[in-house]
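Below: the structure, in structure tokens.
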Amino acid sequence: MSPQIPINGPREVPTSVVVPAGVLETKAAAIEGLPCKAFTPHDADPSGYLSAREDCWNKSVKDWPSVIAMPSTKEEVITCVKLAAGKKVAVLSGGHSPMCMPNGAFLISLRKMNGVVVDPERMVVTAEGGAKIADVDNALKPHNFAAPLGTHPDTGIGGLTLGGGIGWLTPRVGLANPNPN
């Protein structure tokens, strides 16, 4: 019998940190003033950093950010962006981008911002930047609604809608659209 693979895709088990030289600034400089949880490869316990790094599904583009900030509100995102001024910055929604974990970057992971609100009267769904297709589908299911999203539950809707939006409903209703009005 084969091992069970999670519905949202396999994840490697982090065991240690082997970071390329010259990628990192000091831990204090990387997280000073951040309003949210943040991880660096310099952490005494690397498990938080390695776990956050797992949100990038493609091993060929999974490099070593200097810091991974995990905001949970738009105010925290704004503060992270301001503190990252002048640095190489990346934003992680679902982790399918070829730029999801760039070397030495100040990475803002939106994974904690995955809320979904359905307004059945207006037939509108609003999702935060870290929501994945599974989050949206789960919120729509009680209303017997479907949205034109991608085909895999682990895909982030932020990148999907901005990067093409092809899914199961495309032939019937068109591409995923972040603002159809």
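When DSSP beta bridges are restricted to pairs lying wholly in the stretch 67-181, around 40% turn out antiparallel. Here the stretch 39-88 is treated with +1 on each Lys and Arg Cβ and -1 on each Asp and Glu Cβ, and its dipole about the Cα centre works out to around 280 debye.
Each Lys and Arg contributes +1 and each Asp and Glu -1, all at the Cβ; summed about the Cα centre of the stretch 40-140, the dipole is approximately 380 debye. Short-range pairs are left out: with C-alpha atoms under 8 Å and at least six residues apart, the relative contact order of the stretch 81-166 is 27 percent. Across the stretch 118-168, the mean sequence separation of Cα contacts (distance under 8 Å, 6 or more residues apart), normalised by length, yields a relative contact order of 35 percent. As a length-normalised measure over Cα pairs under 8 Å and 6 or more apart, the relative contact order of the stretch 41-114 settles at 40 percent.
Descending by average beta-carbon neighbour count within 10 Å, the peptides 84-96, 102-114, 120-132 line up as 102-114, 84-96, 120-132, the highest first. When the listed pairs Lys37/Lys62; Lys37/Lys82; Lys59/Lys87; Lys62/Lys88; Lys88/Lys112 are checked against a 19 Å cut-off, the alpha-carbon distance exceeds it for Lys37/Lys62; Lys59/Lys87; Lys88/Lys112.
Every number in this text was worked out from the coordinates using simple rules, so none of it is lab data. The structure presented is a predicted model; accordingly, all values stated were derived computationally and were not measured. Note that each Cβ is placed from the backbone with ideal geometry, even for glycine, and that neighbours are counted across all protein chains shown.
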